Amino acid sequence: MPRNINSDRIILVIVIVIILLIVPGIHPLSPIKIFGQIPFLPNQPSISHSFSSTDNQSNLKASNYPSKAPLSGIDGTVNTTPTNGRGGSNNNNSNNISSNDKVVILSFDDNRKGDFTYAKPILDKYGFKATFFIICNETTNKGSMNWQDIAAMQRDGMDIQSHTMNHRHLNHLSATALQYEIGGSKQCIDSHGYNVTSFAYPYNEGSNNATVVNEVAKYYDMGRSGNEPLMFLDCTGFKKHPQTDCRTYTPDGTLNFATKYTARSYCEDVQEIKDSFNNVAIYSDFVHVVNSQNNYNQGAEKINAVPLITFHNVGLETNNPYTTNVDLFDQLMKYLHDNGFKVLTFKQLGYDTNTNTFYLKDV
Ligand SMILES: [Zn+2]
């Protein structure tokens with residue numbers, strides 16, 4: 001019996017329709033939508049971010065970061081191989097915040113608007129407080145936190161400190177200008193209702209200059225410069241800068257590298273530039289740095305090495321020097337939270353004038 005041509009056509013059409021339905025990416029109803037979901041790529045521009053405390057976008061992206069980041073070298077000055085099994089661990093136990101033998105001090109420089117808009121909600125989500133170093137004459141720019149923002153920060157337990165009047169290069173100023181930038185900024189910020197005790201050097205400049213450090217010492221209890229992955233609280237661990245303690249001057253009158261006026265911090269933004277804004281590399285290096293303290297600390301009573309991590313702006317964009325992408329920032333904070341890090345402000349860093357060493361309050 002000859003085949004019916006119309007039946008053949010109908011069967012052919014049905015077969016074509018079935019093929020279109022099952023071959024991925026060809027038809028919008030295809031069960032495998034390769035064009036429907038764009039996988040997270042480290043360097044792709046951030047998709048519009050509507051932040052909320054239940055940020056599913058960030059949670060989805062968490063799986064794209066390594067749970068155990070490789071300990072790639074970032075700086076030859078410290079031996080960062082974990083020795084006790086705590087390094088790099090990610091136990092995903094959000095309740096594990098009692099193991100307070102891992103400490104990070106967080107600070108943000110330059111009072112950027114993104115710190116208020118994007119960083120603070122994330123810090124709040126994880127229950128973290130941080131220090132914000134304020135440039136007193138830069139509170140009216142569009143991209144800056146204003147005094148209202150700064151007041152809201154302090155009301156919620158954030159620590160407000162000084163980062164000069166105008167963010168100038170301190171090594172090249174007259175005595176009067178130096179006094180204005182350093183002493184004047186304490187007076188300026190205090191006049192808005194704060195009690196500033198710490199100072200951060202713009203561009204990390206001036207911390208090896210006795211004239212500048214002496215000016216800082218006139219007005220502040222403590223100062224912060226760069227750029228070391230770990231701050232050794234007894235100041236003896238800096239291999240390129242051997243010291244016996246944190247006293248400001250050695251007996252022969254030489255200014256020490258790390259002192260109460262020049263605590264050494266780690267600039268996350270510099271690392272982001274070194275990592276060419278590759279989020280996976282940045283995450284890996286961050287994990288590496290925060291765990292590098294494990295080699296020097298034995299339990300909560302014997303903490304001697306702490307990363308003082310400095311950020312600047314936090315925003316939606318990527319590939320922008322001195323702006324940390326908000327989703328990446330969330331992941332970095334999530335890592336600290338999930339791995340039981342105790343996050344402190346600069347105000348919780350104390351100094352013992354008898355032993356000339358730093359210590360941690362509230363740990
Ligand atoms: Zn700055």
Which ordering of Ile273, Ile122 is given by a fewest-first count of other beta-carbon atoms within 10 Å?
-> Ile273, Ile122
Can you list the GluC sites (Glu not before Pro) in segment 163-223 that are in a DSSP coil and have 16 or fewer other beta carbons within 10 angstrom?
-> Glu205
Sequence ranges 243-249, 280-286, 229-235, ranked by mean other-Cβ count within 10 angstrom, highest first | 229-235, 280-286, 243-249
Relative packing of peptides 106-115, 318-327, 263-272 - highest average C-beta neighbours within 10 Å first | 106-115, 263-272, 318-327
When the charge dipole of segment 99-360 is computed with +1 at the Cβ of Lys and Arg and -1 at the Cβ of Asp and Glu, the Cα pointing farthest to the positive end, of Tyr219, Asn313, Ser207, is that of Tyr219
How about segment 283-344: which trypsin sites (Lys or Arg not before Pro) there lie in a loop by DSSP and see at most 11 other Cβ atoms within 10 Å?
-> Lys302
Looking at this model, which pairs from Lys239/Lys334; Lys302/Lys361; Lys113/Lys361; Lys142/Lys334; Lys120/Lys342; Lys102/Lys302 are more than 20 angstrom apart at the alpha-carbon?
-> Lys239/Lys334; Lys113/Lys361; Lys142/Lys334
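Laboratory data are not the source of any read-out in this text; all were calculated from the coordinates shown. All values derive from a computational prediction rather than experimental measurement. Please note: Cβ atoms are built from the backbone with ideal geometry, for glycine as well, and neighbour counts cover all protein chains shown.
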